[in-house]
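Structure in structure tokens, see below.
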Amino acid sequence: MVRVSQHQGKPAVLTRRTPALELVATSEAEFDLHPSRADRLKARKSGTAWRHANVGRLLNNAVRRFEARVLELMSAKGHVATRMAHIGLTRNLDVEGTRLTELARRASISKQAMGELVDQCAALKLVDRVVDPDDRRGRIVRFTPAGLTWLDAFSSAVDIAEKEMRTELGKATMDALLRGLEVYGAAFDTLAD
């Protein structure tokens with residue numbers, strides 16, 4: 001539910017209520033988290049309030065929502081077989097190709113689990129395993145021509161989802177969020193391209 005209301009005597013730009021939280025913006029750049037009364041009482045009794053409002057949980061919820069929207073847009077464009085797990089592969093795959101062990105490291109999953117994702121994406125004709133041109137003994141995973149077309153559609157879906165997010169959060173909040181996340185996560189950006 002979304003509504004415009006008063007918050008502590010100031011007009012609230014946006015209020016969003018979920019089962020556990022109420023998000024109130026008194027300006028585009030200011031957001032306060034307000035757990036619902038029932039959840040505050042429950043959390044106080046169990047000592048678990050931190051589990052619902054810690055930054056990791058909030059970031060995870062935002063990522064899940066964003067990626068679900070991207071997949072919805074991809075499906076609308078005819079890419080109905082794409083699953084959330086496939087994004088873990090394609091998000092970490094360099095356009096010129098990447099070794100399986102490096103893909104697994106970047107995604108923080110086992111080599112075997114990444115191998116299964118590669119097999120699934122290969123069955124969808126998105127990726128291929130080929131001889132590594134830098135080391136003929138090894139193999140790399142790379143996008144197929146159909147995979148590159150998929151990647152273009154994925155880029156468009158991400159752009160649309162970001163624009164929708166910017167509209168919902170407001171320009172100032174979105175700009176601050178992007179700057180902050182870029183700085184905070186810079187050491188973990190592993191893509192070569």
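Does at least one position in region 132-147 carry a residue that is within 20 Å of Leu73 (Cβ to Cβ) and outside any helix (DSSP H, G or I)? Talk me through it step by step, then tell me what you get.
Pass one, region 132-147, residues within 20 Å of Leu73 (Cβ to Cβ): 143, 146-147.
Subsequent filtering for residues that are outside any helix (DSSP H, G or I) retains 143.
For region 132-147, residues within 20 Å of Leu73 (Cβ to Cβ) and outside any helix (DSSP H, G or I): present.
The conditions are (1) without any contact (Cβ under 8 Å) to a residue 60 or more places away in the chain; (2) on the phi > 0 side of the Ramachandran plot, and Arg179 fails exactly one of them. Which is it?
(2)
Are any of the residues in region 160-171 out of contact with any Pro (no Cβ under 7 Å at 6 or more places or on another chain), part of a loop (DSSP other than H, G, I, E, B), over 14 Å from Leu93 (Cβ atoms) and acidic (Asp, Glu)?
Checked region 160-171: no residue is out of contact with any Pro (no Cβ under 7 Å at 6 or more places or on another chain), part of a loop (DSSP other than H, G, I, E, B), over 14 Å from Leu93 (Cβ atoms) and acidic (Asp, Glu).
Which pairs turn up if I take residues in region 143-167 that are among the hydroxyl-bearing types (Ser, Thr, Tyr) and look for partners that are loosely packed, with under 15 Cβ neighbours inside 10 Å with beta carbon separation below 7 Å, at least 6 apart in sequence or on another chain?
Thr144/Lys125
Restricted to region 45-81, and to residues that are among the basic types (Lys, Arg) and modelled with pLDDT of 90 or more, which residue is surrounded by the most Cβ atoms within 10 Å (Cβ to Cβ)?
Within region 45-81, the match that is surrounded by the most Cβ atoms within 10 Å (Cβ to Cβ) is Arg69.
Still on this model: Could you grab me the full set of residues in region 159-184 that are of a type in the set (D, E, K, R), more than 19 Å from Glu67 (Cβ to Cβ) and surrounded by 11 or more Cβ atoms within 10 Å (Cβ to Cβ)?
From region 159-184, those of a type in the set (D, E, K, R) are 159, 162-164, 166, 168, 171, 175, 179, 182; that's our starting set.
Still in the list and also more than 19 Å from Glu67 (Cβ to Cβ): 171, 175, 179.
Selection gives Lys171, Asp175.
Residue check: is Thr90 of a type in the set (Ser, Thr, Tyr) and more than 20 Å from Thr149 (Cβ to Cβ)?
Here the answer is no, as Thr90 does not meet what is asked.
Still on this structure: Could we say that Asp134 is out of contact with any Phe, Trp or Tyr (no Cβ under 7 Å at 6 or more places or on another chain), loosely packed, with under 13 Cβ neighbours inside 10 Å, assigned by TED's automatic domain parsing to the domain that holds Ala81 and at pLDDT below 95 here?
So Asp134 fits the description; yes.
The values are calculated or read from the model by the stated rules, or taken from the named source; none is laboratory data. Because the structure is predicted, anything quoted here is derived from the model rather than measured. Using ideal geometry, Cβ is built from the backbone for each residue, glycine included, and neighbour counts are taken over all protein chains shown.
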